[in-house]
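Please treat every number below as a calculation from the coordinates, not as lab data. All values reported here derive from a predicted model rather than from experimental measurement. Here Cβ is always computed from backbone atoms with ideal geometry, including for glycine, and neighbour counts include all displayed protein chains.
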Amino acid sequence: MEQRSYICLNCQNPLRLEFAQRRPDSADSEKKSETVITEALTGHSRNLMKLISDAQFPSDAPVCNDCSDALVKEMDAQVTTLDDEVKTYQTYITYLKENHPTTAIPELKAKLQNVADEERDLELQLKKLLCEEEAIDTELQTKRRAAEASSETSTELWKKYRDNLRQVFDDQDELHSLESERQYAEVQHRKLIDTNVLDLCFHIWVDGIVGEINGFRLGYLKEAPVEFTEINAALGQIVLLLEILLERIGVQHHELVPVAMGSHSYIKLRRNGNDIENYALYGQGTPLSGSSGIDAGIRRFLQLLEFLLKELKDRNKNFKPPYQIHAESLVDNGVKYNAVMTLNTDVRWSRAMALMLTDMKAACAQCDALRAPI
Ligand SMILES: [Zn+2]
């Protein structure tokens, strides 16, 4: 029996083996075996299990008893584990076979095809929807910009509306103010209408024998002499008043025209458009002391006054002058008072002038009454 020394492939302990049988090609085999063992020991590149499995003779893969016991044990454990795995796979295969029979595969393939088709359709639909979304986004942007612009316009319009409203309120305030002013003016206007302007402008006052107009006495008494300058001024006032009254009722004497020139007033005689003569209503010297030169003027004035009173009576039948005029006299209770100075007394002339002033005052009031109501 041949004995040779080996080392355990696993733990590297020396082994002593007895070979009952040798391989026919022992020399080559031993050489190869040694080479393999050397590779296994030096490079650790070979799997120990593979070496043992590939060995044809114990000498090809020498392992001690301890190590082989351990290996067997480990292999048993692996076999158990693999058995468990096999059982698990078997169970799973059974389950699959039961639930997914192989006959359903074409059907499943068809279903898969359908699902794939459906997926493609859905992808196309998705693309289409994305395109639509993009278009809608663009439209949304456009509309948003339009909305912003519209909002700005709205703000502008609102500001304008606010300004206009303020203007309206201001205007209303102004309107109310103006309305108040108008009402005040109307009241004032009414007061003025009710006022006889002529009465204000030509204040005629008769108290006693001598009357006066606007503070100028028209009369003469020996005990209270009045100078011609004052008489001339008074005559100027009554000529002006007569002129205004004729103008008021819109009439003209056919040939006599009163010309008011202050203290040098006169009555003009016109015939056929030609000035024939002027009759002075102003004198000088001492009144009632001979020829004063105003008698002709006073006669013409009385003519005009009579004409005016007649015109007023034509317009209002109820109007009755206080004192009638008769030629160159004024009549009071049937007594004639001569208005000219020649051959007259101071008292009678002064009385005639006072009666004439009273008639003028009455004419003035009648003229005012005839005014058209406003
Ligand atoms: Zn060993």
Just subtract the alpha-carbon distance of residue 197 and residue 111 from 0.36 nm times their residue separation and send over the number in nm, one decimal.
-> 19.0 nm
proj_area_mean for segment 62-199 (convex hull on C-alpha atoms), units nm², value 28.5 nm²
Which semi-axis lengths, in whole Å and largest first, follow from the square roots of five times the eigenvalues of the Cα gyration tensor of segment 197-369?
-> 23, 19, 15
Mind checking which aspartates and glutamates have their Cα closer than 13 Å to the Cα of residue 310? Skip sequence neighbours fewer than 8 apart in that chain.
-> 359
Label segment 226-301 by shape, choosing from rounded, prolate and oblate, from the square roots a ≥ b ≥ c of the eigenvalues of the Cα gyration tensor; if a/c is under 1.5 it is rounded, and otherwise prolate applies when a/b is larger than b/c, oblate when it is not.
-> oblate
Which of 259, 106, 231, positive extreme of dipole for the chain (C-beta unit charges) = 231
Is segment 291-374 best put as rounded, prolate or oblate by its Cα gyration tensor, with a ≥ b ≥ c the root eigenvalues, rounded for a/c under 1.5, and otherwise prolate when a/b is larger than b/c, oblate when not?
-> prolate
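Using a cut-off of 12 Å between beta-carbons, work out the net charge of the residues near residue 173 (Lys and Arg +1, Asp and Glu -1, residue 173 not included). Spell out each step's value before the answer.
Details: positive: 166; negative: 170, 171, 174, 179.
Value of the local net charge: -3.
What number, in percent, do you get for the relative contact order of segment 197-369 if the mean sequence gap of Cα pairs under 8 Å and at least 6 apart is divided by its residue count?
Working: 308 pairs, mean separation 41.6, N = 173.
RCO, segment 197-369: 24 percent.
Can you run the Rg to Rh ratio on segment 260-307? Use alpha carbon positions and the Kirkwood inverse-distance Rh.
Values: Rg = 11.8 Å, Rh = 11.6 Å.
Computed over Cα atoms, the ratio is 1.01.
Determine, for 217, 270, 190, the number of other Cβ atoms within 10 Å of each Cβ, and report the residues in order from fewest to most.
Working: 217 20, 270 15, 190 11.
Result, fewest neighbours first: 190, 270, 217.
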Give me the distance between the Cα centres of segment 328-345 and segment 229-249, rounded to whole Å.
-> 20 Å
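I want the local charge near residue 280. Using Cβ-Cβ distances under 13 Å, sum +1 for each Lys or Arg and -1 for each Asp or Glu among the other residues. All intermediate terms of the calculation are to be shown ahead of the outcome.
Details: positive: 268, 299, 300; negative: 277, 295.
Once positives and negatives cancel, what remains is +1.
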What residue among 225, 62, 258 shows peak mean-square fluctuation when the chain is described by a Gaussian network model with Cα springs under 10 Å?
-> 62
When 109, 361 are ordered from fewest to most other Cβ atoms inside 10 Å of their Cβ, what list results?
-> 109, 361
So the FRET efficiency between residue 57 and residue 92, C-beta based with R0 = 51 Å and rounded to 0.05, is 0.75
Which whole-angstrom value gives the distance between the alpha carbon centres of segment 155-214 and segment 92-135?
-> 98 Å
Describe numerically, in nm with one decimal, the distance between label points set 7 Å from Cα along Cα→Cβ at residue 125 and at residue 176.
-> 7.1 nm
Rounded to the nearest 500, the 222 nm mean residue ellipticity computed for the chain from DSSP H runs (n ≥ 4, each -39500 (n - 2.57)) alone is -21500 deg cm²/dmol
Measuring from its Cα centre, the chain shows a charge dipole (+1 at each Lys and Arg Cβ, -1 at each Asp and Glu Cβ) which, in debye to the nearest 20, is 3000 debye
Using the Cα gyration tensor of segment 287-330, the equivalent ellipsoid's semi-axes, largest first and to the nearest Å, work out to 27, 10, 6
Which of 358, 138, 91 moves the most in a Gaussian network model of the chain with Cα springs under 10 Å?
-> 91
Given a Förster distance of 30 Å, the FRET efficiency implied by the Cβ-Cβ spacing of residue 137 and residue 168, rounded to the nearest 0.05, works out to 0.10
When only alpha-carbon atoms count, how far does the chain stretch along each of its three principal axes, as whole angstroms with the largest first?
-> 218, 51, 39
Please name whichever of 215, 197, 151 sits farthest to the positive end of the charge dipole of segment 144-286, dipole taken about the Cα centre and charges placed at Cβ: Lys and Arg +1, Asp and Glu -1.
-> 151
